[in-house]
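The values are calculated or read from the model by the stated rules, or taken from the named source; none is laboratory data. Since the structure is predicted, the reported quantities are computational estimates derived from the model, not experimental observations. Cβ sites come from the backbone with ideal geometry, for glycine too, and all protein chains shown count toward neighbours. Accessible surface is based on the protein model in full, side chains and every heavy atom, while ligands, DNA and RNA are left aside. Shrake-Rupley method; radii C 1.70, N 1.55, O 1.52, S 1.80 Å.
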Amino acid sequence: MGTKSVLDRFRGLDGYAKTLDDFRIKTLTGATVTLVSTFLILILLISEFSVYRSVQMKPSLLVDKSRKEQLGINFNVTFPKLPCYLLSLDVMDISGAHQENINHDIYKVRLDPSGNEISKDKEYELGEKAKKAKSAFESAQADAETPYCGSCYGAEETPDACCNTCESVRQAYIKKSWSFDDPDKIEQCVREGWTEKMKEQAHEGCNVHGYIQVNKVAGNFHITSGESFTSGGMHVHNVHNVPYLEEFDFTHNIHHLSFGEEVSSIVNPLDNADQAAPEGSYQFQYFLKVVGTQFKYLSGKTTFTNQYSVTEHGRGTSRSALRGGSGGLPGVFFNYEISPMLVVYTEFRQSFTHFLTNACTIVGGIFTVAGLIDAVIYRAERSLKKKLELGKTN
């Protein structure tokens, strides 16, 4: 007796009281609502399961606390109307660091007027006549009893220093911050056909690509005309040795520009950007805001890279300005600033409990709404049926 009383009390906790089957009324509209709601539940459950199985990225914003790090820059730029021997790459930053005439990890590809590749090297090929002359000279020196020691024309670092090639003389001049004006007055350049080389390549194009490392502070890197050097604390470019070009056409195509490790999910705004110079000796400037970015993957791998935004500006310069005026230097300048913020993307999957909660919400919510819709339709049908019956009776 006591046991039955306990069971009766426990049965009284049932929140899902059942009605007798004899009192249940099934209708066509109810069946339709049931089928539609079941279809919606299946679609939403499949969608929720897909979200549960997918990998998502959660962004967060932190202060970048990195110190004394360097920033890698990957670039690929084509100049269809400027020869390779004319172009130089330099880096300057607000810390006072200068990298001039960079050639480490930098490649220049000579292009013919149609854009086809001629040669790819860190040095520029001489003309055929100059090659033969240089080869004959080297053979003669190999057979000579006394090795040849060419003059550096006052740019020797030590009294016994030798400059046996035109390039060695040019490098000696750059180290002294001297202008390499007239190669026709230098024996080595005449022998190697330096002037001939410039004439032959005057109408070529050039693809410049590679990788540079810079200090992680505001600065700029630029591709401009002529060799660069520092004179009196100022960054100077020598353009006096390019008499075969009336003006510099810095029309260019930026195939790629990125900072740090390349990540497929990051879109670089300057990739495949084309710029046509509206006039000769034009200066292009790109102002870049670089934001450090970190990716944390489920596998435990962490990738550090950067995103950037860009603003463009251009202005004309003049040949007279290059000779000492204030019109500016033609070229392509990338001015970058480093943001103090760090964006962190963390890879994650939803938990099973989150999926289960959403699944219950979907099922319960749709069944509840479907029940309300069915009840409204059923009552409307009954009300309409009663009115029709009263009409017939009258």
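Could you give every pair whose Cβ atoms fall below 9 Å, whose first residue belongs to the range 25-40 and is on the phi > 0 side of the Ramachandran plot, and whose second residue is at pLDDT below 90 and basic (K, R), counting only separations of at least 6 or pairs across chains?
Close Cβ pairs satisfying both conditions: none exist.
Of S95, S66, which residue is closer than 22 Å to N215 by Cβ, open to solvent by less than 60 Å² (accessible area, probe 1.4 Å) and either in contact (Cβ under 8 Å) with a residue 12 or more places away in the chain or among the β-branched types (V, I, T) (or both)? So that I can check it myself, show each step before the final result.
Working: S95 fails: open to solvent by less than 60 Å² (accessible area, probe 1.4 Å).
Unique residue meeting the criteria: S66.
I'd like to check something: does the range 325-342 contain any residue that is surrounded by 15 or more Cβ atoms within 10 Å (Cβ to Cβ), in contact with a helix residue (DSSP H, G or I) (Cβ under 8 Å, 6 or more places away or on another chain) and in a helix (DSSP H, G or I)?
Checking the range 325-342: not a single residue is surrounded by 15 or more Cβ atoms within 10 Å (Cβ to Cβ), in contact with a helix residue (DSSP H, G or I) (Cβ under 8 Å, 6 or more places away or on another chain) and in a helix (DSSP H, G or I).
Suppose we keep only residues that are in contact with a helix residue (DSSP H, G or I) (Cβ under 9 Å, 6 or more places away or on another chain) and in a strand (DSSP E or B) within the range 98-110. Which one would you say is surrounded by the most Cβ atoms within 10 Å (Cβ to Cβ)? Full working, then the answer.
Here is the first cut: in the range 98-110, the residues in contact with a helix residue (DSSP H, G or I) (Cβ under 9 Å, 6 or more places away or on another chain) are 100-101, 108-110.
Keeping just the survivors that are in a strand (DSSP E or B) gives 108-110.
Numbers: K108: 24, V109: 17, R110: 20.
By that ranking, first place goes to K108.
Residues S50, S37: which one is in a helix (DSSP H, G or I), under 21 Å from V363 (Cβ atoms) and open to solvent by 40 Å² or more (accessible area, probe 1.4 Å)?
Numbers: S37 fails: open to solvent by 40 Å² or more (accessible area, probe 1.4 Å).
Just one listed residue meets the conditions, S50.
Pairs under 7 Å by beta carbon, first residue free of Cβ contacts under 8 Å to residues at least 40 places away in the same chain and on the phi < 0 side of the Ramachandran plot in the range 42-53, partner part of a helix (DSSP H, G or I) and open to solvent by 50 Å² or more (accessible area, probe 1.4 Å), six or more apart or different chains?
none
I'm checking my understanding of the structure. Among residues of the range 76-92 that are touching a Ser or Thr at 6+ places or on another chain (Cβ under 8 Å) and under 20 Å from R170 (Cβ atoms), which one is surrounded by the most Cβ atoms within 10 Å (Cβ to Cβ)?
First pass over the range 76-92, keeping only residues touching a Ser or Thr at 6+ places or on another chain (Cβ under 8 Å): 79-82, 86-88, 90.
Imposing the further condition that a residue be under 20 Å from R170 (Cβ atoms) reduces the set to 82, 86-88, 90.
Details: L82: 28, L86: 22, L87: 20, S88: 23, D90: 21.
Taking the candidates together, the pick is L82.
Looking at the range 217-274, which of its residues are open to solvent by 10 Å² or more (accessible area, probe 1.4 Å), modelled with pLDDT under 90 and of a type in the set (S, T, Y)?
Matches in the range 217-274: T230, S231, Y244, S264, S265.
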